[in-house]
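The values are calculated or read from the model by the stated rules, or taken from the named source; none is laboratory data. No experiment lies behind these values; they were computed from the predicted model shown. Counting neighbours? That spans all protein chains shown, and the Cβs are built from the backbone with ideal geometry, glycine included.
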Ligand code: F6R
């Protein structure tokens, strides 16, 4: 059942090219336009929404963070991302023009379900992005966009995360198409870039040996920091969460720009710091800002583990260890950048002799509040 892998987590990491491809499959018509028939919310409503609130927990919430960057950029609709349990217990402002997007692998997470109920009681439309057919959250939502990752067995979420991000991109591009906030050819171009992702993820998997070797060598480190900007920020958070969950190592993800506002005080000689470098081909200053952050932590003694695009030479002088990922447009890059971090956590947990699939104190689906 583990397909020859040591753990379900490893198998599921390797299922990711297919999880992304399957989530994209069948969602365009003959002319290449996006067609999300399942999205049974009236088009008039989708045209009139003036705010999106993503509610989710854990890894699913990080996919929502990625969605925020993409949907705001493509659709010019403000997107908030909120942990479902926090959303539920404040007094959120919801109107019939608010689209609430509930993201969940299991479809049974009680915190998320309660938030869905709350949102609907307040008159908002709720769209569920869920992996498990027949689960409760889609039944209680106005519409559902299924991720097609297949069953996820390991407690630590991997392929569901990539499928959630993919579904969020589809939603964003669909809204952009419907609302005319992007030209048809731009949407087509992005869809084509998205179609190229499964092969790119595969190429990261093909290079996994190097990541595993580093993980084994670092198995006794007591703490790791993760830095990223823009969509690299949720990737940093996810990399840290994986390490906490399965390797029981203290790990923190930060927005790289936040360093000098506090976290840089943590940097001491030898502190390992992962940095997710954005594409140097982006038109903004994102890349050069991150290169400065790498320099800053390294100047204070950090050991830097840098995830960077192929061909990015600017990071080379400051990376103690470099993991390459294929060139990908910034907004889509989390689908490749997170993969080495998943492999790293899995290998490190294994090297420590831990049960990768069944970490202590955690359950696959959290059906209590
Ligand atoms: C992380 C993880 C959890 C879940 C969270 C939400 O690896 O597994 O953080 O992502 O409990 O679960 P779902 O997506 O089932 O609602």
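Only one of (1) away from the ligand (no atom under 16 Å from the Cβ); (2) closer than 26 Å to residue 59 by Cα; (3) within 25 Å of the chain's Cα centre (by Cα); (4) surrounded by fewer than 22 Cβ atoms within 10 Å (Cβ to Cβ) is not met by residue 266, so which one is it?
Here residue 266 clears every test but (3).
For the range 225-239, give me the residue count where each residue is within 16 Å of the ligand (Cβ to nearest atom) and buried (at least 24 other Cβ atoms within 10 Å of the Cβ).
6
If residue 60 meets every condition in (1) part of a helix (DSSP H, G or I); (2) within 16 Å of the ligand (Cβ to nearest atom); (3) more than 19 Å from residue 140 (Cα to Cα); (4) under 14 Å from the mean Cα position of the chain (by Cα) apart from one, which number is that one?
(3)
Does the range 28-47 contain at least one residue that is modelled with pLDDT of 90 or more and in contact with a strand residue (DSSP E or B) (Cβ under 7 Å, 6 or more places away or on another chain)?
yes
If I filter the range 70-93 down to residues being away from the ligand (no atom under 16 Å from the Cβ) and crowded, with 20+ Cβ neighbours inside 10 Å, which single residue comes out as nearest to the chain's Cα centre (by Cα)?
70
If residue 8 satisfies all but one of (1) farther than 20 Å from residue 231 by Cα; (2) in contact with a strand residue (DSSP E or B) (Cβ under 7 Å, 6 or more places away or on another chain); (3) surrounded by 20 or more Cβ atoms within 10 Å (Cβ to Cβ); (4) at pLDDT 90 or above, what's the number of the condition it fails?
Residue 8 satisfies every listed condition except (2).
Answer yes or no: is there a residue in the range 15-34 that is surrounded by 23 or more Cβ atoms within 10 Å (Cβ to Cβ) and over 26 Å from residue 366 (Cβ atoms).
Within the range 15-34 (the criterion being surrounded by 23 or more Cβ atoms within 10 Å (Cβ to Cβ) and over 26 Å from residue 366 (Cβ atoms)), the answer is no, since none of the residues qualifies.
In the range 111-142, what residues are touching a residue at least 40 places away in the same chain (Cβ under 8 Å) and either surrounded by fewer than 18 Cβ atoms within 10 Å (Cβ to Cβ) or within 9 Å of the ligand (Cβ to nearest atom) (or both)?
111, 112, 114
With respect to residue 290, determine if the residue is buried (at least 21 other Cβ atoms within 10 Å of the Cβ), touching a residue at least 60 places away in the same chain (Cβ under 8 Å), in contact with a strand residue (DSSP E or B) (Cβ under 7 Å, 6 or more places away or on another chain) and closer than 24 Å to residue 59 by Cα.
yes
For the range 150-170, give me each residue that is in a helix (DSSP H, G or I) and either more than 21 Å from residue 51 (Cα to Cα) or free of Cβ contacts under 8 Å to residues at least 60 places away in the same chain (or both). Please lay out each step first, then the result.
Narrowing the range 150-170 to residues in a helix (DSSP H, G or I): 159-170.
Passing the criteria: 159, 160, 161, 162, 163.
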